[in-house]
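Report on one structure; see the data block that follows.
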Amino acid sequence: MKTLHVALDSRSYPIWIGSGLIDHSQCWREALSPGRVVIVTNETVGPLYTAAIRDTVESLGHPVICIDLPDGEQFKDWVHLNLIFDGLMANRIERGETIVALGGGVVGDMAGFAAASYQRGMRLIQVPTTLLAQVDSSVGGKTAINHPLGKNMIGAFYQPSAVFCDLDVLGTLPAREFSAGLAEVIKYGCILDAEFFNWLETNIEALLRRDRNALTEAVYRSCELKAQVVAADERETDRRAILNFGHTFGHAIEAGLGYGKWLHGEAVGCGMVIAANLSKELGGLSSEMVSRIVALIERAALPIRPPRWPAKDYLEWMSHDKKSKSGKVRYVVLRSMGSAQTQIVDDGLISKVLEKAIA
Ligand code: NAD
Ligand code: GLY
């Protein structure tokens, strides 16, 4: 097992990465506070992994309550968030007890938001079960639900007390979901670490085979990079925004198609293709680097062509972006491989880049 730390003073927490973690008594003993444990999961992940956690946690003296949500991004909303509150209230769960988020980013974001707001905050442990959740959503404390007009618009910053990245659980993840997670892994290379991008070019096939050594390296380096950014700017006053490379375009694709049509990681992968082309137009990124980014995204079995909508539709969806300041959208662009910044860009240039991408 490898351990990383998200350094946030008294709210610092470990990320454990390795095999056999979901029933690792020592980790659970360290992570839990006294009292009951509420496992929030969904109808797909629950039958696979709840029992292992339940048995371990109960053997340590913690009674377990389970709340199962329906499976899908389209349920990441108020109505289904309320199912968690219903379960917490019905069982008279107290603030000192613990929520375990067992699932991908959808469960993690919803259970996290419930933990942030139930009785003004209860203990939260993230057990991410998708690659995307292990390398991104379970780390850093962003929690949210969607609004029909925009993704992740309602939420809170709320850090977990521990993150269990058990690589064994990725064995049951469908290939399409696995590729979606690779989009976020590629993102870290693009924005923060050119060497890691080179490593991904060499190892993408091994990753697609889920080779254990390659997977350990990819999850570890991604979490390490994310932990550094979060420690420097927990509440996204500035630097953290670079983690949204490709997301402004990606969120527009997700919202425009209706949540759940494309996977989040697919939309982000395609969004990074557009953002890389925008970076070239702005003079930062060479054509060669754009081609390498597009090629790697394609090799990861991700879509590289956005839906064929008029550019004005994209601009409308993107106008709800959370990175906006005074009504101006800030785009994440690359200065070079491994170096990113945010920038306000004229709508005319965005339209030009979008029209090329769609053509
Ligand atoms: P997801 O949570 O929908 O999971 C993908 C699918 O895989 C689901 O059907 C799920 O039930 C299934 N699944 C999960 N683990 C499995 C396993 N081990 N075996 C078999 N099936 C499994 O999708 P996701 O890609 O994990 O997360 C996407 C969500 O994360 C989006 O809502 C996005 O907004 C959010 N997100 C949040 C952050 C953040 O910082 N909070 C960052 C990135 C993404
Ligand atoms: N996924 C973007 C962030 O955590 O800031």
Out of 145, 204, report the one residue that is within 15 Å of ligand 1 (Cβ to nearest atom), of a type in the set (A, V, I, L, M, F, W, C) and at pLDDT 95 or above. 145
Selection count, region 287-307, where residues are hydrophobic (A, V, I, L, M, F, W, C) and either exposed (fewer than 15 other Cβ atoms within 10 Å of the Cβ) or out of contact with any helix residue (DSSP H, G or I) (no Cβ under 7 Å at 6 or more places or on another chain) (or both): 2
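Inside region 9-48, can you point out the residues that are in a helix (DSSP H, G or I) and either surrounded by fewer than 21 Cβ atoms within 10 Å (Cβ to Cβ) or within 20 Å of the chain's Cα centre (by Cα) (or both)? Can you show your working first?
In the first step, residues of region 9-48 are kept if they are in a helix (DSSP H, G or I); the result is 9-11, 25-31, 46-48.
Passing the criteria: 9, 10, 11, 25, 26, 29, 30, 46, 47, 48.
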Within region 61-92, take every residue that is under 21 Å from residue 43 (Cβ atoms) and in a loop (DSSP other than H, G, I, E, B) and give me the one that is farthest from ligand 2 (Cβ to nearest atom). 91
Just to be sure, is residue 98 touching a Ser or Thr at 6+ places or on another chain (Cβ under 8 Å), away from ligand 1 (no atom under 15 Å from the Cβ) and touching a residue at least 12 places away in the same chain (Cβ under 8 Å)? yes
Lone qualifier among 86, 55, 71 - being at pLDDT 95 or above, surrounded by fewer than 14 Cβ atoms within 10 Å (Cβ to Cβ), under 27 Å from residue 151 (Cα atoms) and not aliphatic (A, V, I, L, M): 86
Taking region 235-247 and the residues there that are out of contact with any strand residue (DSSP E or B) (no Cβ under 7 Å at 6 or more places or on another chain) and within 19 Å of residue 147 (Cβ to Cβ), the one that is surrounded by the fewest Cβ atoms within 10 Å (Cβ to Cβ) would be 236
Can you pull out every residue in region 145-180 that is hydrophobic (A, V, I, L, M, F, W, C), within 15 Å of ligand 2 (Cβ to nearest atom) and surrounded by fewer than 21 Cβ atoms within 10 Å (Cβ to Cβ)? 153, 156, 157
Look at residue 250 and say whether it is buried (at least 19 other Cβ atoms within 10 Å of the Cβ), closer than 23 Å to residue 336 by Cα, without any contact (Cβ under 8 Å) to a residue 60 or more places away in the chain and of a type outside the set (A, V, I, L, M). yes
For residue 119, work out the one condition from (1) away from ligand 1 (no atom under 11 Å from the Cβ); (2) touching a strand residue (DSSP E or B) at 6+ places or on another chain (Cβ under 9 Å) it doesn't fulfil. (2)
Out of (1) of a type in the set (D, E, K, R); (2) touching a Phe, Trp or Tyr at 6+ places or on another chain (Cβ under 7 Å); (3) free of Cβ contacts under 8 Å to residues at least 24 places away in the same chain, the odd one out for residue 86 is which? (2)
Out of everything in region 208-217 that is without any contact (Cβ under 8 Å) to a residue 40 or more places away in the chain and in a helix (DSSP H, G or I), what residue ends up being nearest to the chain's Cα centre (by Cα)? 217
Out of (1) out of contact with any strand residue (DSSP E or B) (no Cβ under 9 Å at 6 or more places or on another chain); (2) of a type outside the set (Phe, Trp, Tyr); (3) free of Cβ contacts under 8 Å to residues at least 12 places away in the same chain; (4) within 25 Å of residue 152 (Cβ to Cβ), what's the single condition that is false for residue 7? (3)
Which one is surrounded by the fewest Cβ atoms within 10 Å (Cβ to Cβ) among residues in region 320-350 that are touching a strand residue (DSSP E or B) at 6+ places or on another chain (Cβ under 9 Å) and among the hydrophobic types (A, V, I, L, M, F, W, C)? 344
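Filter the helices (runs of 4 or more DSSP H) completely within region 222-339 down to those with at least 3 residues that are more than 15 Å from ligand 2 (Cβ to nearest atom) and farther than 25 Å from residue 153 by Cα. Don't jump to the end; show me each part of the working.
Values: elements: 247-257, 264-281, 287-299, 311-318.
Correct list: 264-281, 287-299.
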Is it fair to say residue 232 is more than 15 Å from ligand 1 (Cβ to nearest atom), more than 13 Å from residue 15 (Cα to Cα) and surrounded by 15 or more Cβ atoms within 10 Å (Cβ to Cβ)? no
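The values are calculated or read from the model by the stated rules, or taken from the named source; none is laboratory data. These numbers were taken from a predicted model, which means no experiment stands behind them. Every residue, glycine among them, receives a Cβ derived from its backbone with ideal geometry; neighbour counts consider all protein chains shown.
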